[in-house]
Amino acid sequence: MTRYLLIQATGAARAGQLATLEETLTSLGMRWQDVQQHVMAGRTTLMLLLENSDEVLSAPQLQRRVAPALEQAGLEGTVEAISEAQWRALASYADRQIMTVMGPRLTPEAIAQAERMAHHHGLTTVSVERRSGRRTFEQADGMGECVEFVLQGAADMDGLRQEALTLGQAFGVDIVFQPADQWRHCRRLICFDMDSTLIKTEVINELAERHGVHDRVADITERAMRGELDFRESFTQRMAMLEGLDQSVLEEIAAQLPLMDGAEHLFAELKRLGYRTAILSGGFTCFAKTLQQRLGIDDVYANVLDIDAEGKVTGNVVEPIVDAQCKADTLRALAEQQGITLEQTVAVGDGANDLKMLGIAGLGVAWHAKPKVKAQARQAVSTLGLDALLYLLGHDAQTLNASA
């Protein structure tokens, strides 16, 4: 006779259904090992895992004994035996992954194909939960639609991520994986790139446009962000092209920085939830500080734009340059200052010079990134605004809206 029994029951949701079953099970000497209950559209699904260590009852016997309690609770249910191996699999939290499927709209086909892909790689579904609000999929708001799977099993995660990028692109969604470990709900520090991450532009290209050298600068910027050019070398070249630009232009551009969709909502929520935030940018301090004031960001680390006594850009590089290594080192230093581990940090960026900080952070998100960056990052999002980062942090739209 088995040591474990599983009760599965469904019916119209009522108050006190679990308590009704508990009274009967306690009187029979059955000890609970796990319980799950979910309600959707007024219907409840209840599962109780019981330890039957003294082999008190068989599954058919327990089915007969709990039938009156199930009827009293308005439920229909079954009892089945669970083997030791099945119990160990249920009890284990090892090799668990979170798969987040999100986008402006989610179709049943996209969700099903994502699950099928995960299963093909040896992962089984433990649970599925909707992170976006309780609306129909056709009523998605600015945060889009999001469904979260908890999966279990051993898989080649690098291969799975690459397949997820291809599948997500085909359906216009993002499929993002992260370990289902203790750090998921313990992130405390979030570091952002600025250009093309927090704002919808590359500021150095805007400066070049005003100075009549846009095409030359923009070409170097694009190649550097793709990882085709060394960032330090490309930065020095672009700075030299800005020599003589008037300081007033900087102020005009700073006043008109176009925020990335969802940025204001994201930072309002991060502030309310107690996260510490920072800009780690290969752009310029004068623009980063404007965003700091506008969004309530805690720390700013960016390059200094050298201005001479006549209010003109000198074209000289001021060390240290905030390059890829500097970003990673600064993230690490900020974590140490806060007394937290790297697993509690998040990095968000779009360019090749962000890859090192994405690589050491607990959660490293390539945001609307260049192909090389998406391919190398462990997480990538391309279909939604910045506030969709809240889904990856484990928050759901319904709770956030209720707390607003």
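Here, each number is a calculation from the coordinates, and none is a lab measurement. Quantities reported herein were computed from a predicted structural model and do not represent experimental measurements. With ideal geometry, Cβ positions are generated from the backbone for all residues, glycine too; neighbour counts draw on all protein chains shown.
Would you count, across the chain, every pair of lysines whose alpha carbons are under 20 angstrom apart, provided the pair is eight or more residues apart or spans two chains? Taking the Cα cut-off of 20 Å, the pair count is 14. About its Cα centre, the dipole of the chain is roughly 1000 debye, where the only charges are +1 on Lys and Arg Cβ and -1 on Asp and Glu Cβ.
Think of each Lys and Arg Cβ as +1 and each Asp and Glu Cβ as -1; about the Cα centre, that makes the dipole of the stretch 4-90 roughly 240 debye.
If you wrap the tightest convex hull around every Cα atom of the stretch 4-90 and split its volume per residue, you get 80 Å³. Cβ crowding within 10 Å ranks Asp219, Asp298, Asp387 as Asp219, Asp298, Asp387, fewest other Cβ atoms first. Model label sites at Glu23 and Thr107, defined 7 Å from Cα along the beta-carbon direction, differ in position by 5.1 nm.
Taking Cα centre as origin and charging only the Cβ of basic (Lys, Arg, +1) and acidic (Asp, Glu, -1) residues, the dipole magnitude of the stretch 189-403 rounds to 640 debye. Within the chain, antiparallel bridges make up roughly 70 percent of the DSSP beta bridges whose residues both belong there. The mean of 1/r over all pairs of different alpha-carbon atoms in the stretch 189-403, once inverted, gives a Kirkwood hydrodynamic radius of 17.5 Å. This ranking places Thr221, Thr26 by how few other beta-carbon atoms lie within 10 Å of each, fewest first, which gives Thr26, Thr221. Of the options Gln178, Thr277, Thr197, report the single residue whose Cα projects farthest towards the positive end of the charge dipole of the chain (beta-carbon charges: Lys, Arg +1; Asp, Glu -1). Projecting each Cα onto the dipole axis, the largest value belongs to Gln178. Here the Gaussian network model covers the chain, with springs between Cα atoms less than 10 Å apart; of Leu305, Leu390, Leu48, Leu48 fluctuates the most. The mean of 1/r over all distinct Cα pairs in the chain, once inverted, gives the Kirkwood hydrodynamic radius of 24.0 Å. In the stretch 163-209, the C-alpha radius of gyration followed by the widest Cα-Cα span (Dmax) gives 16.5, 47 angstrom. Provide, for q = 0.13, 0.15 Å⁻¹, the log10 of I(q)/I(0) from a solvent-free Debye sum over equal Cα point scatterers in the stretch 92-179. Taking Cα atoms of the stretch 92-179 as identical point scatterers yields -0.38, -0.51.
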